[in-house]
Amino acid sequence: MQSADRRPVPGAAFTRTPRTWSLRREWSRAFILMLIALLVGAAVTIVGVRGVVGHVQAADSRLLLEAERIESLRTALDDHEQLGHRLLSDPAADHAAFMAQQHEISALFDAAATDLLPAESRPAVGDVRQAWQESLASHGLWSVQVDGTHGTRAAESPGFAADSARVRTLLAGVQRSSLAAMDKALAYTADLELILVAARTGLFAIAVAATFYFRRRMVKDLLRPVASLRHGALKLQAGQYTHRISVHRRDELGELAEAFNAMAAAVHDSHLELTHRATHDSLTGLPNRAALMERLTASFDPEPGGDKGNGARLEGLLFIDVDDFKGVNDSLGHERGDALLIQLAARLQACVRAEDLVARLGGDEFAIVVMEDDGHSVTGDVAERIHEALRAPFFVADDRLTLTASLGAAQRRQDTPDAAELLRQADFAMYMAKHGGKARYQLFDPRGHDHTAYRAAQKSDLATAVAARQLRLEYQPVADLLTGETVGLEASPTGSDTR
């Protein structure tokens, strides 16, 4: 079948599509978000831990201060009670020291009520102070009452001791209130710890979810496209130039995939171009000798598992040589000779069918593979159409030219071994047409070929025999029968004696 002269333009199959995604921007944002999440987690941890530790330290410090203050109050109240018992027993005791202790204890109550104890403990501190003052006042020991005491009042000591014990009991209740406040502070610290654990757990869950999400995105958007590119490269390496990879997203890898497809298209087009150049004649665009031999070889050696009918396909071969084409080149020049060959190629193509193949072998030699019909030879009909087509003149520039051609034909037979032998037979038939007067069509004759081969071999043997001195002349005299005289000699070559 005659192939059309179609030469693709390399790299014309793909055009660049505008990018709608950006892996760089997307993954930069992802890493920024992950960094922010890490920083937020670290900040939450630091602030939470510092808050918990600070709250515990503050509660501990406050409890220590409150314990010290209450212990100071207890000690001062005990000392003041002892001095009060002394005043009740001995009116001459040191009143100034007793009053100084009252002022000191009042100052301790003021400090405890305003600076150290929590707000909920202040009413209890006030109750202790009021009970202390009432206890002293009921026994005439409060403030200015001390100076008005006279005589011994030892009988009031048990009552004073009972009132003082009640004050100490109230003071112990204040300490229990401080411990309850400390417990509340520790409970709040535990709540902060739970909040911190919950926040860290939530951040960890977000990090795990983000890890799985970005791993999936990495597999989908990075690893799979890279694997697809590698698979495409292996396909190209294996010679599958029509393979293309899919473009799922318009990002950097999508542009790379498009560039790969464009490169594959260019390689494919270049491969087609090189294949076309390797199998077609550059002047006429016809298939060349390589394409001709491939077509003939395919008919001799069908592919395994293919159509068995191809093996029995009958094809005839026409070998065409333009008569006296050298004179055209010599008289008109090679450029006009090439133009004439282009026109001749067009006429030859017009003389064949779609399933036949016209090829240029080189110079002014052409060949036509003719698909034979069952029971009927088409090769001769094609040869007649060619001779008929050559009767019309050719016009090259201003020159009017008439061409003739000698055609040799060979039919594939059962004893034809291969395509090269079929081509040699058609060439020999064309040679016989040349020697038969040119402008003729000659079918290959096995007997004529054998005779010509014998003559050629004999000629070669004679040349070898002369050079090797294997011939000698034998002379036979020619005598006149009337007179008996020798009138001449006959010479004939014979083989030399090998002894």
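The values are calculated or read from the model by the stated rules, or taken from the named source; none is laboratory data. Fair warning: this is a prediction, and the values are worked out from it, not measured in the lab. We place every Cβ from the backbone using ideal geometry, glycine too, and count neighbours over all the protein chains shown. What goes into the accessible areas is simple: the full protein's heavy atoms, side chains included, and nothing from ligands, DNA or RNA. Shrake-Rupley method; radii C 1.70, N 1.55, O 1.52, S 1.80 Å.
For the range 261-290, name all the residues that are part of a helix (DSSP H, G or I), open to solvent by 20 Å² or more (accessible area, probe 1.4 Å) and in contact with a helix residue (DSSP H, G or I) (Cβ under 7 Å, 6 or more places away or on another chain). Steps first, please.
Taking the range 261-290 as the starting set, the residues that turn out to be part of a helix (DSSP H, G or I) are 261-279, 289-290.
This time we only want the ones that are open to solvent by 20 Å² or more (accessible area, probe 1.4 Å), so: 262-263, 266-268, 270-275, 277-279, 289-290.
Residues satisfying the conditions are VAL267, ALA278, THR279, ALA290.
Search the range 239-258 for residues that are free of Cβ contacts under 8 Å to residues at least 24 places away in the same chain and pair each with any residue that is among the basic types (Lys, Arg) when their beta-carbon atoms are under 6 Å apart and the residues are at least 6 apart or on different chains.
HIS243/LYS235
Mind listing whichever residues of the range 111-127 are open to solvent by 70 Å² or more (accessible area, probe 1.4 Å) and modelled with pLDDT of 75 or more? Reasoning before the result, please.
Step one: filter the range 111-127 for residues open to solvent by 70 Å² or more (accessible area, probe 1.4 Å), giving 114-115, 120, 122-123, 127.
Passing the criteria: only ASP127.
Has the range 197-207 got any residue that is within 19 Å of GLU26 (Cβ to Cβ) and touching a residue at least 60 places away in the same chain (Cβ under 8 Å)? Write out each step before concluding.
We begin by selecting, within the range 197-207, every residue within 19 Å of GLU26 (Cβ to Cβ); these are 206-207.
Next cut, touching a residue at least 60 places away in the same chain (Cβ under 8 Å) only: 206-207.
Scanning the range 197-207, I find at least one residue that is within 19 Å of GLU26 (Cβ to Cβ) and touching a residue at least 60 places away in the same chain (Cβ under 8 Å), so the answer is yes.
Does LEU283 meet the test of being closer than 30 Å to ASP356 by Cβ, hydrophobic (A, V, I, L, M, F, W, C) and out of contact with any Phe, Trp or Tyr (no Cβ under 7 Å at 6 or more places or on another chain)?
yes
Do you know which residues across the range 185-205 are within 22 Å of ALA42 (Cα to Cα), of a type in the set (A, V, I, L, M) and loosely packed, with under 14 Cβ neighbours inside 10 Å?
ALA190, LEU194, VAL197, ALA198, ALA205 - these are the residues of the range 185-205 that are within 22 Å of ALA42 (Cα to Cα), of a type in the set (A, V, I, L, M) and loosely packed, with under 14 Cβ neighbours inside 10 Å.
Determine, yes or no, whether ALA479 is small (Gly, Ala, Ser) and either in contact (Cβ under 8 Å) with a residue 24 or more places away in the chain or open to solvent by 80 Å² or more (accessible area, probe 1.4 Å) (or both).
Values: small (Gly, Ala, Ser): yes; either in contact (Cβ under 8 Å) with a residue 24 or more places away in the chain or open to solvent by 80 Å² or more (accessible area, probe 1.4 Å) (or both): no.
No, not satisfied.
Under 6 Å between Cβ atoms, which residue pairs at least 6 apart in sequence (or on different chains) link something in the range 323-341 that is buried (at least 18 other Cβ atoms within 10 Å of the Cβ) with a partner that is in a helix (DSSP H, G or I) and of a type in the set (A, V, I, L, M)?
Within 6 Å, the pairs are GLY337/VAL328.
Would you please name the residue that is most open to solvent (accessible area, probe 1.4 Å), looking only at residues in the range 85-94 that are over 18 Å from SER135 (Cβ atoms) and touching a residue at least 12 places away in the same chain (Cβ under 8 Å)?
Per the stated criteria, the residue is ASP90.
Can you tell which of GLN102, GLN82 is open to solvent by less than 50 Å² (accessible area, probe 1.4 Å), at pLDDT 80 or above and either under 21 Å from SER143 (Cβ atoms) or among the polar types (S, T, N, Q) (or both)? Give the steps one after another, and end with the answer.
Details: GLN82 fails: open to solvent by less than 50 Å² (accessible area, probe 1.4 Å).
Every option except GLN102 fails the conditions.
Which residue pairs have Cβ atoms under 7 Å apart, sit 6 or more places apart or on different chains, and have a first residue in the range 40-62 that is over 13 Å from LEU196 (Cβ atoms) and a second that is part of a helix (DSSP H, G or I) and open to solvent by 50 Å² or more (accessible area, probe 1.4 Å)?
ALA59/LEU186
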